[in-house]
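Asker: Structure in structure tokens, see below.
The values are calculated or read from the model by the stated rules, or taken from the named source; none is laboratory data. Only a predicted model underlies this, so the values are computations on that prediction, with no experimental measurement involved. Don't worry about glycine lacking a Cβ; one is built from the backbone with ideal geometry, like all the others, and counts go over all protein chains shown. With ligands, DNA and RNA removed, areas are computed over all heavy atoms of the protein, side chains included. Shrake-Rupley method; radii C 1.70, N 1.55, O 1.52, S 1.80 Å.
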Amino acid sequence: MELIPSILFLQGILAATWRMATPILYAAVGEVFSEKAGVINIGLEGVMLIGAFSAYSVAFESGSLWLGLLVGILAGILSGLIFAFFTITIKANQIVVGAAFNMIGMGITGFLYRSMYAVSAVPLGLKTFQSVEIPFLSSIPFFGEVLFKHNIMVYGTLLLVPLATFVLYKTAFGLSIRAVGEHPKAADTVGVNVVRMRYVSVMIGTALAAVGGAFLVLAYADQFVEGVVSGRGFIALAVVVFGRWKPWGAFWSSLLFGIFYALQLRIQTMPDVNIPYQFLQALPYLATLVVLVGFNKRRVQAPKTLGVPYK
Amino acid sequence: MEDSMPKNNDPQTILRMEEIHKSFPGGVFANRGVNLEVRQGEIHCLLGENGAGKTVLMSVLYGLYKPDAGSIYYKNEKFDARNPKDAIQNRIGMVHQHFMLVETLSVAENIILGQYKPWKVLNNLDPVIKKIQQMSKDYGLNVDPTSLVQDLSVGEQQRVEILKALYHGADLLILDEPTAVLTPQESEHLLDFLRQLADKGLTIVFITHKLEEVMQISDRVTILRDGKTIATVNTKETNPPELAKMMVGRDVLMDLSKKEKQPGKIIFSVKNLNVKDERGLPAVKNFSFEVYEREVVGIAGVSGNGQSELALALAGLMNSEFDSIILNEISITKRDLTRLNQLGMAHIPEDRQKMGLILPFSVSENFIAETFNDRPFSKYGFLQFKTIKNYSQSLVKKFSIRVGDVDEEIAHLSGGNQQKVVVARELDRRPKFLLVNQPTRGIDIGATEFVRQQIIAERDGGAAILLISTDLEEIFALSDRILVMFEGQVMGEVSPNPDMIEQVGLLMAGKTIESVL
């Protein structure tokens with residue numbers, strides 16, 4: 001390969017990396033809140049689908065992407081409330097409820113999508129969030145393309161990660177979250193309301209998962225299709241673990257995933273590559289695993305009461 | 001009793017609990033009409049066996065449980081804590097038996113947890129850290145507020161707990177069996193410290209089942225048994241046998257009688273055992289000893305001087321190096337260590353909940369935990385439930401274990417009864433060599449008495465016994481010879497003559513045998 005095309009190739013991959021990582025990152029940061037408080041929500045995939053479908057249908061009907069995003073978030077919060085009711089109040093097994101959410105999310109969005117839009121004569125595309133080119137910076141060669149020509153939801157992650165870190169590590173609220181996931185009784189004995197903290201954390205988690213889902217229809221593809229989330233919710237779960245339950249950890253882990261995802265997409269489009277696409281699709285998962293396990297020298301443990309109901 | 005104990009001239013009542021009732025789902029009555037009256041500035045012991053309802057009573061006061069009936073008056077007002085926050089705001093502090101500290105947080109974070117509104121920004125903890133440093137200086141509780149709790153020793157963690165309660169502001173401090181996890185020296189320190197706090201006007205409720213502590217520290221003592229108040233007495237007007245009788249409900253045999261030692265052959269011997277701890281540092285160094293038949297050899301020492309590693313290595317649960325280990329004339333190789341139990345060794349481990357028992361399993365499943373795959377408990381791969389049940393019931397009877405049904409989950413039993421299950425299982429195998437580590441830690445006086453009698457009976461029946469204990473009284477009561485362990489080494493051997501207690505103490509502190517005799 002000549003020098004110029006290979007730089008363009010790299011630029012293309014890197015520019016896509018952050019975008020590919022964005023939906024996973026939203027969901028993963030949300031899940032960090034939930035798991036730090038001791039609740040594991042494996043229903044992220046389902047919640048992301050619910051967020052994606054609500055955002056899409058409202059944006060499509062109203063013509064406002066922002067209204068779509070807002071309703072998507074509300075749908076996420078409502079899902080979180082239901083999830084929290086079953087897992088925290090009724091103390092149902094978190095894995096079972098999470099699995100149910102995945103199936104319900106898939107079923108309900110698929111059903112509604114078909115009954116509302118499958119036979120539509122109108123074009124179903126949205127005018128998605130457009131790239132915002134940062135003045136001056138976006139004209140820097142290479143870096144301008146990679147870093148400064150993204151849509152608002154991608155830039156949003158730059159706000160999300162420091163904000164989440166601040167909330168978790170620099171506020172009384174965050175301190176309580178971290179305490180109820182490690183030793184809820186200790187938190188209880190000094191007056192922290194364990195149930196309320198867990199409810200709120202779960203709902204932050206599902207709200208952000210819904211944002212991740214909404215990103216897929218409002219800022220990535222321009223319409224909803226069945227199963228549009230395609231496993232990103234599960235990847236987000238892995239990203240939380242690889243990121244050692246920290247927002248910045250989730251950031252780097254999801255970027256790592258994003259880069260391999262972008263890479264395999266590029267390879268798929270190359271005409272003279274004869275690798276079955278199934279292998280290529282598995283690449284980001286495998287590569288992320290290998291890299292992260294390889295570099296994971298320090299043993300960091302999950303929140304101690306992860307998955308365990310209180311009292 | 002100490003004469004220096006200050007007189008309590010101000011009998012003003014700070015707390016009165018009347019006719020407290022509390023039951024739990026499943027028909028367990030923890031409190032059945034308990035009365036307690038605590039005076040301003042006194043140290044008041046709450047004495048009772050495990051399961052007598054001491055902790056439940058204080059948890060009711062602290063707002064952790066809601067009483068079924070009864071009333072509480074605190075500082076002359078009706079008091080009803082709906083949750084611990086209420087109690088803290090009314091200046092009641094509680095140091096729980098199992099520490100309420102989040103290990104992954106720093107000391108300062110643990111202390112301020114729950115103190116602020118959620119949106120409070122905690123960007124700069126320096127003022128908090130300064131205040132904690134000042135307090136730890138004032139009280140002489142040495143704690144670094146910036147270190148993570150998980151890096152602290154048990155004693156330090158307890159200091160954090162006390163500091164936490166004082167930081168929140170306490171007029172009434174409840175301590176639930178605080179010395180259970182401490183070394184003798186740490187316990188001494190704590191008791192001195194609590195006495196100083198009381199002299200400054202703090203009221204202390206001290207939950208315990210240890211009679212010596214009651215006698216040493218308290219002004220008055222309330223005895224609970226089976227969820228009822230038996231009596232409240234002035235400490236100066238009572239004595240340990242009387243307290244024990246009120247606590248247990250019958251006379252307690254405080255002395256153990258055992259048969260004269262008869263010389264026999266060596267059953268178990270170890271030469272130059274070396275064990276490294278989890279961090280790879282030498283924990284047991286060139287340790288050699290032998291145990292004869294019909295003999296109890298006691299290993300005395302302050303907790304953390306290699307006793308755990310010694311026991312784990314002998315049980316084959318930890319890697320070790322040695323010149324020789326001989327059990328019943330069979331030379332043991334490194335590979336044999338894991339099957340020592342098949343060669344006639346039994347092991348009562350230090351931590352019954354983590355090592356001795358499988359808590360979610362039933363009593364009978366725990367009884368056959370080692371033998372479930374052998375006849376008659378298993379035939380052609382099928383468990384023989386009837387045989388197992390009969391066997392379990394016979395053990396329950398023989399060792400008078402208090403349990404409704406042998407199919408009950410063992411986690412529901414009291415600590416003493418759990419320990420009896422371990423003892424029953426191990427002794428029923430008629431071991432030639434018995435390794436016992438901290439057999440009576442955290443169990444009540446009745447169970448302690450029983451377990452010690454069983455160990456003596458085993459010795460009289462011919463077994464060789466190695467007893468590891470940090471409880472000197474236990475070492476002296478049971479042993480025929482005492483080895484003192486310090487930093488992984490044998491400091492010397494002494495006879496269990498009560499006059500030798502001081503020398504043993506010096507050896508435990510690292511003095512050589514030549515310098516103390």
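Asker: Being out of contact with any helix residue (DSSP H, G or I) (no Cβ under 9 Å at 6 or more places or on another chain) and either free of Cβ contacts under 8 Å to residues at least 40 places away in the same chain or surrounded by fewer than 22 Cβ atoms within 10 Å (Cβ to Cβ) (or both) narrows it down to one of B:G461, B:G442, so name that one.
Answerer: Values: B:G442 fails: out of contact with any helix residue (DSSP H, G or I) (no Cβ under 9 Å at 6 or more places or on another chain).
Of the residues listed, the single one that is out of contact with any helix residue (DSSP H, G or I) (no Cβ under 9 Å at 6 or more places or on another chain) and either free of Cβ contacts under 8 Å to residues at least 40 places away in the same chain or surrounded by fewer than 22 Cβ atoms within 10 Å (Cβ to Cβ) (or both) is B:G461.
Asker: If we scan the range B:425-448, do we find a residue that is closer than 25 Å to B:L466 by Cβ, outside the structural domain of B:M246 (by TED's automatic domain parsing), in contact with a Pro (Cβ under 8 Å, 6 or more places away or on another chain) and modelled with pLDDT of 85 or more?
Answerer: Taking every residue of the range B:425-448 in turn, at least one turns out to be closer than 25 Å to B:L466 by Cβ, outside the structural domain of B:M246 (by TED's automatic domain parsing), in contact with a Pro (Cβ under 8 Å, 6 or more places away or on another chain) and modelled with pLDDT of 85 or more.
Asker: Of the residues in the range A:2-32, how many are open to solvent by 10 Å² or more (accessible area, probe 1.4 Å) and over 18 Å from A:F148 (Cα atoms)?
Answerer: 6
Asker: If I ask for residues that are over 17 Å from B:Q438 (Cα atoms) and among the polar types (S, T, N, Q), which ones from the range B:463-501 would you list?
Answerer: B:Q489, B:S495, B:N497
Asker: Of all residues in the range A:177-192, which are more than 16 Å from B:F99 (Cβ to Cβ), within 7 Å of another protein chain (Cβ to nearest Cβ) and in a helix (DSSP H, G or I)?
Answerer: Of everything in the range A:177-192, just one residue is more than 16 Å from B:F99 (Cβ to Cβ), within 7 Å of another protein chain (Cβ to nearest Cβ) and in a helix (DSSP H, G or I), namely A:R178.
Asker: Okay, next question. Could you check the range B:203-229 and list, in sequence order, the residues that are in a loop (DSSP other than H, G, I, E, B) and farther than 25 Å from B:E474 by Cα?
Answerer: Taking the range B:203-229 as the starting set, the residues that turn out to be in a loop (DSSP other than H, G, I, E, B) are B:209-210, B:218-219, B:226-227.
Correct list: B:D219, B:D226, B:G227.
Asker: Identify, please: which residue in the range B:113-140 is aliphatic (A, V, I, L, M) and in contact (Cβ under 8 Å) with a residue 24 or more places away in the chain and is, among those, nearest to the other protein chains (Cβ to nearest Cβ)? Lay out the reasoning, then the answer.
Answerer: Kept after step one, since they are aliphatic (A, V, I, L, M), are these residues of the range B:113-140: B:113, B:121-122, B:125, B:128-129, B:132, B:135.
From what's left, in contact (Cβ under 8 Å) with a residue 24 or more places away in the chain: B:132, B:135.
Values: B:I132: 15, B:M135: 17 Å.
Filtering the range B:113-140 for residues that are aliphatic (A, V, I, L, M) and in contact (Cβ under 8 Å) with a residue 24 or more places away in the chain, the one nearest to the other protein chains (Cβ to nearest Cβ) comes out as B:I132.
Asker: In addition: Out of all the residues in the range B:367-417, which are over 30 Å from B:G48 (Cα atoms), outside any loop (DSSP other than H, G, I, E, B), open to solvent by 80 Å² or more (accessible area, probe 1.4 Å) and not charged (D, E, K, R)?
Answerer: Result: B:F382, B:F385, B:N390.
Asker: Give B:V421, B:V363, B:V403 a once-over and let me know the one that is touching a Ser or Thr at 6+ places or on another chain (Cβ under 7 Å) and of a type in the set (A, V, I, L, M, F, W, C). Even if it seems obvious, please write down each step before you answer.
Answerer: On the way: B:V421 fails: touching a Ser or Thr at 6+ places or on another chain (Cβ under 7 Å); B:V403 fails: touching a Ser or Thr at 6+ places or on another chain (Cβ under 7 Å).
Only one candidate passes the filter, namely B:V363.
Asker: For residues in the range A:131-143 being part of a helix (DSSP H, G or I) and polar (S, T, N, Q), which is farthest from A:A52 (Cα to Cα)?
Answerer: So the residue we want is A:S139.
Asker: Farther than 26 Å from B:V214 by Cβ, among the β-branched types (V, I, T) and either open to solvent by less than 10 Å² (accessible area, probe 1.4 Å) or within 14 Å of chain A (Cβ to nearest Cβ) (or both), is that true of B:T55? Steps first, please.
Answerer: Working: farther than 26 Å from B:V214 by Cβ: no; among the β-branched types (V, I, T): yes; either open to solvent by less than 10 Å² (accessible area, probe 1.4 Å) or within 14 Å of chain A (Cβ to nearest Cβ) (or both): yes.
No: the conditions fail for B:T55.
Here's the yes/no breakdown for (1) part of a loop (DSSP other than H, G, I, E, B); (2) under 23 Å from the mean Cα position of the chain (by Cα):
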| residue | (1), (2) |
| --- | --- |
| A:G110 | no, yes |
| A:L124 | yes, no |
| A:F129 | yes, yes |
| A:E145 | no, no |
| A:L160 | no, yes |
| A:A164 | no, yes |
| A:V167 | no, yes |
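Asker: Report, by residue number, each residue of the range A:249-289 that is under 14 Å from the mean Cα position of the chain (by Cα) and either closer than 22 Å to A:Y169 by Cα or of a type in the set (K, R) (or both).
Answerer: Matches in the range A:249-289: A:G249, A:A250, A:F251, A:W252, A:S253, A:S254.
Asker: Looking only at the range B:65-80, count how many residues are open to solvent by less than 30 Å² (accessible area, probe 1.4 Å) and within 14 Å of chain A (Cβ to nearest Cβ).
Answerer: The total comes to 0.
Asker: Residues that are facing chain B (nearest Cβ under 9 Å) and not in a helix (DSSP H, G or I): does the range A:193-201 have at least one?
Answerer: Checked the range A:193-201: at least one residue is facing chain B (nearest Cβ under 9 Å) and not in a helix (DSSP H, G or I).
Asker: Just to verify a result, which residue in the range A:206-237, among those that are β-branched (V, I, T) and open to solvent by 10 Å² or more (accessible area, probe 1.4 Å), is farthest from A:L69 (Cα to Cα)?
Answerer: The initial filter retains those residues of the range A:206-237 that are β-branched (V, I, T), namely A:206, A:211, A:217, A:225, A:228-229, A:235.
Adding the requirement that they be open to solvent by 10 Å² or more (accessible area, probe 1.4 Å) leaves A:211, A:225, A:228, A:235.
Working: A:V211: 7, A:V225: 17, A:V228: 16, A:I235: 22 Å.
Residue satisfying both the conditions and the ranking: A:I235.
Asker: Continuing with the same structure: Take the residues in the range B:149-158 that are open to solvent by 20 Å² or more (accessible area, probe 1.4 Å) and touching a helix residue (DSSP H, G or I) at 6+ places or on another chain (Cβ under 8 Å); name whichever of them is modelled with the highest pLDDT.
Answerer: We begin by selecting, within the range B:149-158, every residue open to solvent by 20 Å² or more (accessible area, probe 1.4 Å); these are B:150-154, B:156-157.
Then keep just the ones that are touching a helix residue (DSSP H, G or I) at 6+ places or on another chain (Cβ under 8 Å); that gives B:152, B:154, B:157.
On the way: B:L152: 83, B:V154: 77, B:Q157: 89.
Checking each candidate, the answer is B:Q157.
Asker: Residue by residue through the range B:150-195, note down the ones that are under 25 Å from B:L211 (Cβ atoms), part of a helix (DSSP H, G or I) and among the acidic types (D, E).
Answerer: Result: B:E161, B:E186, B:E188, B:D192.
Asker: If I filter the range B:96-107 down to residues being within 10 Å of another protein chain (Cβ to nearest Cβ) and β-branched (V, I, T), which single residue comes out as most open to solvent (accessible area, probe 1.4 Å)?
Answerer: Checking each candidate, the answer is B:T104.
Asker: Got a sec? Which of B:N76, B:N50 is within 23 Å of A:K185 (Cβ to Cβ) and of a type in the set (S, T, N, Q)?
Answerer: Details: B:N76 fails: within 23 Å of A:K185 (Cβ to Cβ).
Testing whether each residue is within 23 Å of A:K185 (Cβ to Cβ) and of a type in the set (S, T, N, Q) leaves just B:N50.
Asker: Then there's this: So which residues in the range B:464-496 are acidic (D, E), open to solvent by 10 Å² or more (accessible area, probe 1.4 Å) and within 25 Å of the chain's Cα centre (by Cα)? Quick ask: steps written out before the conclusion?
Answerer: So in the range B:464-496, the residues acidic (D, E) come out as B:471, B:473-474, B:480, B:487, B:493.
Still in the running and open to solvent by 10 Å² or more (accessible area, probe 1.4 Å): B:471, B:473, B:480, B:487, B:493.
If the condition is that a residue be acidic (D, E), open to solvent by 10 Å² or more (accessible area, probe 1.4 Å) and within 25 Å of the chain's Cα centre (by Cα), then B:D471, B:E473, B:D480, B:E487 are the ones that fit.
Rundown of residues vs (1) over 25 Å from B:L312 (Cα atoms); (2) in contact with a helix residue (DSSP H, G or I) (Cβ under 6 Å, 6 or more places away or on another chain); (3) assigned by TED's automatic domain parsing to the domain that holds B:V296, yes/no style:
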{"site": "B:D336", "(1), (2), (3)": "no, no, yes"}
{"site": "B:R402", "(1), (2), (3)": "yes, yes, no"}
{"site": "B:H412", "(1), (2), (3)": "yes, no, no"}
{"site": "B:V422", "(1), (2), (3)": "no, yes, no"}
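Asker: Yes or no: the range A:240-263 includes at least one residue that is closer than 27 Å to A:F85 by Cα, open to solvent by 20 Å² or more (accessible area, probe 1.4 Å) and not in a loop (DSSP other than H, G, I, E, B).
Answerer: yes
Asker: Being in a loop (DSSP other than H, G, I, E, B) and of a type in the set (S, T, Y) is the filter; apply it to the range B:117-149 and report the residue that is farthest from the chain's Cα centre (by Cα). Walk me through how you get there before you give the answer.
Answerer: Taking the range B:117-149 and keeping what is in a loop (DSSP other than H, G, I, E, B), we get B:117-120, B:122-125, B:140-147.
Next, only the ones that are of a type in the set (S, T, Y) stay: B:146-147.
Numbers: B:T146: 29, B:S147: 26 Å.
Filtering first and then ranking leaves B:T146.
Asker: Look through A:M116, A:M103 and report the one residue that is within 25 Å of A:G76 (Cβ to Cβ), open to solvent by 40 Å² or more (accessible area, probe 1.4 Å), at pLDDT 95 or above and not in a loop (DSSP other than H, G, I, E, B). Let's see the steps before the verdict.
Answerer: Details: A:M116 fails: at pLDDT 95 or above.
From the options A:M116, A:M103, the qualifying one is A:M103.
Table: residues versus (1) in contact with a strand residue (DSSP E or B) (Cβ under 9 Å, 6 or more places away or on another chain); (2) within 14 Å of chain A (Cβ to nearest Cβ); (3) buried (at least 22 other Cβ atoms within 10 Å of the Cβ); (4) of a type in the set (A, V, I, L, M).
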position: B:V181; (1), (2), (3), (4): no, no, no, yes
position: B:S187; (1), (2), (3), (4): no, no, no, no
position: B:Q196; (1), (2), (3), (4): no, no, no, no
position: B:T208; (1), (2), (3), (4): yes, no, yes, no
position: B:V214; (1), (2), (3), (4): yes, no, yes, yes
position: B:I223; (1), (2), (3), (4): yes, no, yes, yes
position: B:M247; (1), (2), (3), (4): yes, no, yes, yes
position: B:K265; (1), (2), (3), (4): yes, no, no, no
position: B:K271; (1), (2), (3), (4): yes, no, no, no
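Asker: Can you work out which of the residues in the range A:161-176 that are open to solvent by 50 Å² or more (accessible area, probe 1.4 Å) and at the interface with chain B (Cβ under 9 Å from one of its Cβ atoms) is nearest to B:Y116 (Cα to Cα)? Working first, answer last.
Answerer: Keep residues of the range A:161-176 that are open to solvent by 50 Å² or more (accessible area, probe 1.4 Å), which gives A:162-163, A:166, A:169-170.
If we keep only those that are at the interface with chain B (Cβ under 9 Å from one of its Cβ atoms) too, we end up with A:166, A:169-170.
Values: A:F166: 16, A:Y169: 14, A:K170: 12 Å.
Across the range A:161-176, the extreme among qualifying residues is A:K170.
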